[in-house]
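Notes follow the structure.
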Amino acid sequence: MAVTDPVDIRLLAALADLGKAAVHELAAKVGMDPREVAYRLVALSGSGLPLLVGVESDPNGLRAAISSAPPSWAQQPPQQPQRPPGHSGPHNIQGTPSGPYNVQGTPSGAYNVHGTPSGRYPGPPSAPVRQPMAPPQPPPRPPAPPQQQFAPPPMAPADPVMSTWGVPQTASWARGDEQQVTPQAAPEGKKGRTGDVMETQGLEGEQLTVQLLEVQDPADYLFSAAGYSLEAGERSVVVHTEITNRGNIPFVSLPDNYLELLTADGKPIAKAPVSLTSRPPHKIGVRPGETLGGHTVYVLPDATRVVAVRWSPRPEPDERTLTWSIED
């Protein structure tokens, strides 16, 4: 099989040098997310390459971890619930369905009229004699008793329930609720400039300090020296950051996993899956009391103007996000 993806080629080259390595060690060597590395390795192993992706564990430790699980986890749930005979679907209908209303006898239209209508209330004995003189249409306005049993009275146009909640089975009330919440602006986090040290927290409550040390723009000579080539109209940027764990909770993620460049129009640019030999990448995890630095590489159009660098512990910015302005 011929491998054409440059990321897969770099990943396989690093694995060939190591021979045997854990997924997180291989990811740290190539500067990639361990989840992406694992996904690519599994896909490559199934394509016919001489590659085996395995997992090692402590059997006793795993058994101890699942010992408190309920015994029902080993029972396979039924694929489809059993239905008693005569069921044709999720609704329990016996016999021949007659529609949404249970009408006995043969319906004759909107009004169930037998013989000559005499109105809702019994009239005087002479009423049946005068009734034939009335026009045959429309029928008397008061509905027949069977219709009154099922048909609700017409609602007024200005019903407060309808104006508040909207038509049944629609989401107009939810959209109105969203319009009330929309004006509330989301927290933007802390802001600074190149060289500033800012404190924040990780997803598990880790007490972190992040510093933007340097932004090399452009960094094409470093990119070329590492054996990579840029397309026409592209340039590379290298960002050097440093992270310190000030708390007692280990930070187990890749420090620059969500380190982005911000353009003049506010669009984020994610990092490229590239590591430079002259500028070591970040390693996974920062232990309590430890300070680690690393470099992140970006590839972007040559005409794009970068105005800021943004760090966040998750894909979407929140109150823990840090932003450094790099414009003078």
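Hey, what does the equivalent ellipsoid look like for the stretch 179-326, semi-axes from the Cα gyration tensor as sqrt of 5 times each eigenvalue, largest first, whole Å?
For the stretch 179-326, the semi-axes come out at 26, 21, 12 Å.
Mind checking which of SER253, VAL197, ALA272 is farthest towards the positive end of the stretch 185-328's charge dipole, using Cβ charges of +1 (Lys, Arg) and -1 (Asp, Glu) about the Cα centre?
Ranked along the dipole, the leading option is SER253.
Near LYS190, which lysines are there with a Cα under 24 Å away, not counting those fewer than 8 places off in the same chain?
Here the lysines satisfying the reach criterion relative to LYS190 are LYS267, LYS271.
Work out the length of the dipole vector of the stretch 256-328 about its Cα centre, built from +1 on the beta-carbon of each Lys and Arg and -1 on the beta-carbon of each Asp and Glu, and round it to the nearest 20 debye.
That gives a dipole near 300 debye.
Top to bottom by accessible area (1.4 Å), largest first, where do ARG235, ARG10 land?
Ranked list, largest accessible area first: ARG10, ARG235.
Over the stretch 265-328, what is the mean sequence separation of C-alpha contacts under 8 Å (at least six apart), divided by residue count, expressed as relative contact order in percent?
That works out to 26 percent.
For the stretch 6-47, what is the charge dipole size about the Cα centre, in debye to the nearest 20, if Lys and Arg each add +1 at the Cβ and Asp and Glu each add -1 at the Cβ?
Roughly 40 debye, rounded to the nearest 20.
Sort the following peptides by mean Cβ neighbour count (other Cβ atoms within 10 Å, averaged over residues), highest first: 253-262, 189-198.
Put in order of decreasing packing, that is 253-262, 189-198.
Net charge around LEU254, counting only other residues with Cβ within less than 15 Å of its Cβ (Lys, Arg = +1; Asp, Glu = -1)?
Once positives and negatives cancel, what remains is -3.
Sorted by accessible area (1.4 Å probe), largest first, how do VAL42, VAL306 line up?
Listed by decreasing accessible area, they come as VAL42, VAL306.
The values are calculated or read from the model by the stated rules, or taken from the named source; none is laboratory data. These numbers were taken from a predicted model, which means no experiment stands behind them. Heads up, the Cβs are rebuilt from the backbone with ideal geometry, glycines too, and the neighbour counts pull from every protein chain shown. Areas reflect the complete protein model, heavy atoms only, side chains present, ligands, DNA and RNA absent. Shrake-Rupley method; radii C 1.70, N 1.55, O 1.52, S 1.80 Å.
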